[in-house]
Amino acid sequence: MVQITSPAFKQNAARALADAGLQKALGKAKGAFLQRRAEAVARLPEFEELRNIGRDIKNHTLANLDFYLETFAANVERAGGKVHWCSTADEARAAVLEICRQAGAKTVTKGKSMISEEIALNDHLEKNGVTPVETDLGEYIIQLRKEHPSHIIAPAFHLNREDWEADFRRMHTDLPADRVFNERRDILAEARTKLRQRFIAADVGITGANFLIAETGSSVIVTNEGNGDLTQTLPRVHIALASIEKVVPTLEDATSLLRLLARSATGQDFSVYTTFSTGGRRPGDLDGPEEYHVVLIDNGRSNMIGSEFQEMLRCIRCAACMNHCPVYGATGGHAYGWVYPGPMGSVLTPALVGVDKAGLLPNASTFCGKCESVCPMKIPLPNMMRHWREREFERHLTPATVRSNLALWAWVAQRPGLYRFATKMAVGTLRLLAQGKGALRSMPFAGGWTQGRDLPVPEGGTFMDRYAKMQRGR
Amino acid sequence: MSKEAILGAIRRGLKRGPLPADQRAMLEGRLATHPRHLIPQRSRLPRPEQVTLFVKNVEKEFGTVARVASAAEVPGAVADYLAQQNLAPRFVLAPNDELTGLPWSEKPLLEFEARRAQPTDTVSVQHGFAAIAETGTLMLPSDPQRPTTLNLLAETEIVVLRASRIVGAYEEAWDRLRAERTDPVTGGFMPRNVMLVTGPSRSADIEQTLELGAHGPRRLHIVLVDDDPAALPEA
C-alpha cells in the first residue's frame, strides 16, 4: 500500500499551513469549485429529489451486494470478459501483473484511478519491468514529480502554473529549453503531444471505474480529457480496476447517479465523456481491445457492510465534501497522509488502514456539517467521524492529555452549580482579555490552538444566563 | 478462493446467507424491467423545442451545430465547415451505410476514406446513433459501422445526426439502444463500447481553469439533418 503518514497529521498540517505555494494554489482553486457546483445545482430543480433517489439506489444495492456482484460477473463473462476477484491489494497487484505478463506488455497507459493509488499499482508494475504511464493531465505531472494526488478528482490541486512549466522543462528535455508557455493551453498542448506517442505504443490500458452495471456487465468511466477512452480503446488489452461497491443494478440506476456526479464534482451538467465498456472487440469491429478484464477489489470494504460505516460505501467519489471542507481548504490533501483526503477520507481511511493509524483524521473536523449538506449520496459524514472518535476512545488510542481533560470536563459538567460558575468566569475572562475586540489572536495556555486561527469572543452571557432571561421574559 | 471469501464477508455483514429464491426472483425482476427513476422536467418539451434545447446545450458545452434540410446537403455542410476552420478537405469517414451513400461526389474537392481512424487523421466524420437534449449529449455506440477511434484520434470530429434521433432524456436513448440493437456475442443489446459525448475534450487540471483540447478532439461539430417534420422550428 501507499506509505501512510496520517499518524503525523498535525505536523503535516502545520507544514501545509506554512507552505506559501500550496496556500496560493488552494486560495485560487477553492472558490471555483463551490461556485460551479452551486450554479449547476441551481440549474436542476430536481437535484434534491435526485439525492434521495441516489441514496436509495445505493442502499438497495448494498443490501443485495452479493447478488449484484455475481450478476455483474456473469454478464462480463457472457460478453467474453474476465473478472478477477481480489480480497487484498496484494492479490489485485498480482492479478494485474499477470495479465500484463500474459500480454507481453512493456508499457501500460493508465486512466485516472484512485483504487490504483490505493493498491500502489505503479510501484509494483515498475519493480516487475512494466512501465506505467499516467495519462490524465493531473496524474501525469504527479507521476513526473513522484508525488501522490492531493485531491480525488483534481490530482494536481496543490500545484501552480509555475510548477507545471518548471516540471515540463525539467522532464521534456528533447524540446527546446527556451520555449515559451504563454498560456495554460500551451502546457496542455505539450502534454497532448507527449502522451499521444504513449497511447499508441502501449500494450495494455488500465482504467478505473466510476460504476459497474450488473444488468449488462459494463464498467463505466467518466472523464473530460478523453485520456481514459484512448487508454481503453487503443491497446490490445483493457483492464478495468474497480472496488466492489461500484456496482449498481441497471443502466437506469447508473443514469440517475450520473445526473448527480458531474454536478457535484466539477459543476458540469454532464462530463464530456461517459463511456460504458462491455467485453472485448466484437466480430467485424474495426477497433477496440481484444481482451477485457475487470479486477474486482475488496481490500477491506466487505468488513464495512453491517457496521456503522456501511453508508460510506454509497460514496461516488465526486469530491464535493473536500471542496466544501474548511479543513481541506486550509491544509490541502497531502496532509491527510494517505490516498483519500477530506471528509470522505477521514471516514474511509480509518476503515481501510485502521483507526490506530488514521485516528487523527476524524478528529480534524469542526463538525460544521457542510460535507454532509453537499454530499450527493447524503452520507452522514460528521456522524461517522464521531463514531471513529468513540472507537478511538474505547480502544484507549486517544492521547493521555485529551483523556484527562475530557475526564475533567465531564466531572465539572456533572455539577451544575460548578459548571455555571466556571462558564460564567470563562466568558468574563475572555471578554476582559479581548478588550472590546471580537476575537482573540492568542490565548494563554492555548498558544498551539490560536497559532493557526483566532478565537471568537462570546458576545453575550453564558447559555444558562440567556436561557434564564428568556424564561423571565415569557 | 477470493470470490467466496468476498461474498461470504458481505453475507456475514448482512447477517444472512445466500438470498432465498423468492428474493432473487424479485431482484431479477427489477433487472428485467429496469425501472426508470425521476426524469428532470427540463427535457419534457414539444419536439421542436426539444431539438432547440439540444442545440443550445451543445453550444453551451463549446460544440457547434449546423442544421441542414436534408441528408443530400451533408457533403456541402461538411465542406463549408472545413473551409471556415481553414482545415484541409480530407477526412476519415465512418463506414456507415447512411454516410457512405451520401452524394459526396457533388463536392469533388473532399477526399475521404471509410475506415477506423489512425493517429495521423486530422478530421473524422462519425455517425450519430442518438442524442440527448437534456445535456446536449451524443450517444455513439461502437459497431463495425461506427468505430470508436473516430471519436478520439482526430483533432476535429464532425457528427452527422438526424433530428429524429434526438430524445429528451438519457433513458429514452437507452430504450432506443435496447430496442434496435442485438449484440452478436451476448444476444443482449450492449455493444463493446458506448460513448456519451458532451462537447469537445477539455481539462481543468492546471489551476482548475478550463482549457479545451485535451487528449480527444479539440472541436466537435454536429451536422443536424432535419428529417423529422414534427421537430422543425416553428415558422
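The values are calculated or read from the model by the stated rules, or taken from the named source; none is laboratory data. Just so it is clear, the structure is predicted and the values come from calculations on it, not from any experiment. Quick reminder, even Gly has a Cβ in these numbers, built from the backbone with ideal geometry, and neighbours come from all protein chains shown.
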Counting only residues that are surrounded by 13 or more Cβ atoms within 10 Å (Cβ to Cβ) and touching an Asp or Glu at 6+ places or on another chain (Cβ under 8 Å), which one in region A:414-448 is farthest from A:Asp465 (Cα to Cα)?
A:Leu440
Could you check how many residues of region B:90-115 are of a type in the set (Lys, Arg), closer than 23 Å to B:Gly63 by Cβ and within 14 Å of chain A (Cβ to nearest Cβ)?
0
Say we look at region B:128-152 and pick out the residues that are among the charged types (D, E, K, R) and either closer than 29 Å to A:Pro235 by Cβ or part of a strand (DSSP E or B) (or both); which of these is farthest from the other protein chains (Cβ to nearest Cβ)?
B:Arg146
Just need a number here: residues in region A:241-287 that are within 18 Å of A:Leu50 (Cα to Cα) and of a type in the set (Ser, Thr, Tyr).
6
So, in region B:187-199, exactly how many residues are at the interface with chain A (Cβ under 7 Å from one of its Cβ atoms) and either in a loop (DSSP other than H, G, I, E, B) or within 30 Å of A:Leu159 (Cα to Cα) (or both)?
7
Name the one entry in A:Glu77, A:Glu46 that is over 22 Å from the mean Cα position of the chain (by Cα), facing chain B (nearest Cβ under 7 Å) and closer than 27 Å to A:Ala214 by Cβ.
A:Glu46
Do we find a residue being touching a strand residue (DSSP E or B) at 6+ places or on another chain (Cβ under 9 Å), over 13 Å from A:Ile4 (Cβ atoms) and not in a helix (DSSP H, G or I) anywhere in region A:331-342?
no
Condition first: more than 7 Å from chain B (Cβ to nearest Cβ) and either of a type in the set (A, V, I, L, M, F, W, C) or part of a helix (DSSP H, G or I) (or both). Now tell me which residues in region A:262-283 satisfy that.
A:Ala262, A:Arg263, A:Ser264, A:Ala265
Looking at this structure, is A:Asn299 touching a strand residue (DSSP E or B) at 6+ places or on another chain (Cβ under 8 Å) and within 14 Å of another protein chain (Cβ to nearest Cβ)?
yes
Within region A:209-226, does at least one residue satisfy the condition of being more than 18 Å from the chain's Cα centre (by Cα), away from every other protein chain (no Cβ under 11 Å) and part of a strand (DSSP E or B)?
yes
In region A:80-115, residue farthest from the other protein chains (Cβ to nearest Cβ) [restricted to those that are among the aliphatic types (A, V, I, L, M) and assigned to a strand (DSSP E or B)]:
A:Val108
I'd like to check which helices (runs of 4 or more DSSP H) are fully inside region A:377-440 and have at least 2 residues that are touching a residue at least 12 places away in the same chain (Cβ under 8 Å).
A:381-394, A:416-434
Does A:Ala156 qualify as being of a type outside the set (Lys, Arg) and within 23 Å of B:Thr137 (Cβ to Cβ)?
no
Under 8 Å by Cβ, and 6 or more places apart or on different chains, what pairs join a residue from region A:228-253 that is more than 17 Å from A:Glu70 (Cα to Cα) and more than 7 Å from chain B (Cβ to nearest Cβ) with one that is part of a loop (DSSP other than H, G, I, E, B) and of a type in the set (S, T, N, Q)?
A:Gly228/A:Thr135; A:Thr231/A:Thr135
B:Met1 versus (1) under 30 Å from A:Leu212 (Cβ atoms); (2) modelled with pLDDT of 95 or more: which is the lone unmet condition?
(2)
For region A:188-209, which positions are under 23 Å from B:Glu211 (Cα atoms), out of contact with any His (no Cβ under 8 Å at 6 or more places or on another chain) and either in contact (Cβ under 8 Å) with a residue 60 or more places away in the chain or not assigned by TED's automatic domain parsing to the domain that holds A:Gln268 (or both)?
A:Arg198
Of those in region A:284-296 that are buried (at least 18 other Cβ atoms within 10 Å of the Cβ) and at the interface with chain B (Cβ under 7 Å from one of its Cβ atoms), the residue nearest to A:Val96 (Cα to Cα) is A:Gly288
Restricting region A:146-167 to residues that are over 23 Å from A:His324 (Cα atoms) and in contact with a helix residue (DSSP H, G or I) (Cβ under 6 Å, 6 or more places away or on another chain), the one surrounded by the most Cβ atoms within 10 Å (Cβ to Cβ) turns out to be A:Trp164
Being crowded, with 23+ Cβ neighbours inside 10 Å, at negative phi and touching a Cys at 6+ places or on another chain (Cβ under 8 Å) narrows A:Leu261, A:Leu241 down to just A:Leu261
Test B:Ile39 against the stated conditions and say whether it is within 30 Å of A:Leu258 (Cα to Cα), touching a Cys at 6+ places or on another chain (Cβ under 9 Å) and not basic (Lys, Arg).
no
Could you tell me whether any residue of region A:11-34 is part of a helix (DSSP H, G or I), at the interface with chain B (Cβ under 10 Å from one of its Cβ atoms) and closer than 30 Å to B:Pro191 by Cα?
no
B:Val125 away from every other protein chain (no Cβ under 14 Å) and within 20 Å of the chain's Cα centre (by Cα):
yes
